[in-house]
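*Asks:* Sharing a structure here in structure tokens format.
The values are calculated or read from the model by the stated rules, or taken from the named source; none is laboratory data. Remember, it's a predicted structure, so these values are computed and weren't measured experimentally. Because the Cβ atoms are built from the backbone with ideal geometry, glycine has one as well, and the counts that use them run over all protein chains shown. Side chains are part of the model used for accessible areas, which takes the heavy atoms of the whole protein and leaves out ligands, DNA and RNA. Shrake-Rupley method; radii C 1.70, N 1.55, O 1.52, S 1.80 Å.
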Amino acid sequence: PSGSWSSWRMSDGRAVPEKTERFWSFPALRAPAPSWDEAREALRERLQSAVRAHLVSDVPVGVFLSSGVDSSAIAA
């Protein structure tokens, strides 16, 4: 499983799992999940901040479109 390690041994010419242990698991959320409206507004604020940071330039600015979310958001 993801976040685990395993050790294997050979038995009769076949690999046999010997031990599997988790070394990491997703931490529990400490705060309640935001509502859809709160999440949408937080995403909008972060996108606007990222776009503002990308528009700072001391040379003529252009946009390369790769059809990804980031370049599409900057172009929009």
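*Asks:* Report the residue, chosen from 11, 66, 57, that carries the largest GNM mean-square fluctuation when the chain is represented by alpha-carbon nodes joined by springs under 10 Å.
*Replies:* Evaluated over the chain, the most mobile residue of the options is 11.
*Asks:* Please turn the phi angles of region 10-23 into ³J(HN,Hα) values with the Karplus equation 6.51 cos²θ - 1.76 cosθ + 1.60 (θ = phi - 60°), one per residue in order, whole Hz, x for glycine and proline.
*Replies:* Working through the residues one at a time gives 8, 9, 6, x, 10, 7, 10, x, 9, 8, 9, 9, 7, 10 Hz.
*Asks:* Within the chain, what whole-number % of the accessible surface is contributed by carbon and sulfur, with the 1.4 Å probe and all protein chains included in the calculation? Don't jump to the answer; show the numbers that get you there.
*Replies:* Working: 4180 of 7190 Å².
Answer for the chain: carbon and sulfur cover 58 percent of the accessible area.
*Asks:* Let me ask you something else. So which trypsin sites (Lys or Arg not before Pro) in the chain pass both tests, a DSSP loop state and at most 11 other Cβ atoms within 10 Å of the Cβ?
*Replies:* Hits after loop and neighbour filter: 30.
*Asks:* Which value, in Å², gives the accessible area per residue of region 1-56 when a 1.4 Å probe is used on the protein heavy atoms?
*Replies:* 98
*Asks:* I would also like to ask the following. Among 51, 15, 73, pick out the residue whose Cα is farthest towards the positive end of the charge dipole of the chain, where Lys and Arg carry +1 and Asp and Glu carry -1 on C-beta, about the Cα centre.
*Replies:* Farthest towards the positive pole: 15.
*Asks:* Now for a separate question. Give me a comma-separated list of calculated 3J(HN,Hα) values for region 43-54, in order, Karplus coefficients 6.51, -1.76, 1.60 applied at θ = phi - 60°, integers in Hz, x for any Gly or Pro.
*Replies:* 5, 4, 4, 5, 5, 4, 5, 5, 5, 4, 5, 6
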